């Protein structure tokens, strides 16, 4: 593979999915529902923790359940695997609209 994909942004959803923005402009959707049933990832079954600790570290999708944002201890996934196996999707405009709605209600 000549291209080494780098993740530049992630947006987790309440249903254990993550929108992954790559440096080539593609957006891919990762379904973590099976991942969170395995090994060290079981801790991510707590929806709040899944959402709040989802981040970009080591140029890939990662979680830091201890909130350390430490690149050495995070739970990260192979960016090549994500790039090659996650479907390309459109930008999740509806997520941004939901956030805007909540903000407007709170004002």
Using distinct alpha-carbon pairs, which all enter the 1/r mean, Kirkwood radius of segment 1-63 in Å: 12.1
Per-peptide average of other Cβ atoms within 10 Å, ordering 10-16, 53-59 highest first: 53-59, 10-16
Over the chain: helical MRE at 222 nm, DSSP H runs n ≥ 4 each giving -39500 (n - 2.57), nearest 500: -7000 deg cm²/dmol
Cα principal axis extents for the chain, largest first, Å: 47, 30, 24
Distance between modelled label sites at residue 14 and residue 38, nm, 7 Å Cα→Cβ extension: 2.7
Relative contact order of the chain, defined on C-alpha pairs under 8 angstrom at six or more residues apart (%): 24
Sites residue 94 and residue 23 - FRET efficiency at Förster radius 41 Å, r taken between beta-carbons, to 0.05: 0.95
Relative contact order for segment 13-54, counting Cα pairs under 8 Å that sit 6 or more residues apart, in percent: 32
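Each value in this text was obtained by applying a stated rule to the coordinates, not by laboratory testing. Remember, it's a predicted structure, so these values are computed and weren't measured experimentally. Cβ sites come from the backbone with ideal geometry, for glycine too, and all protein chains shown count toward neighbours.
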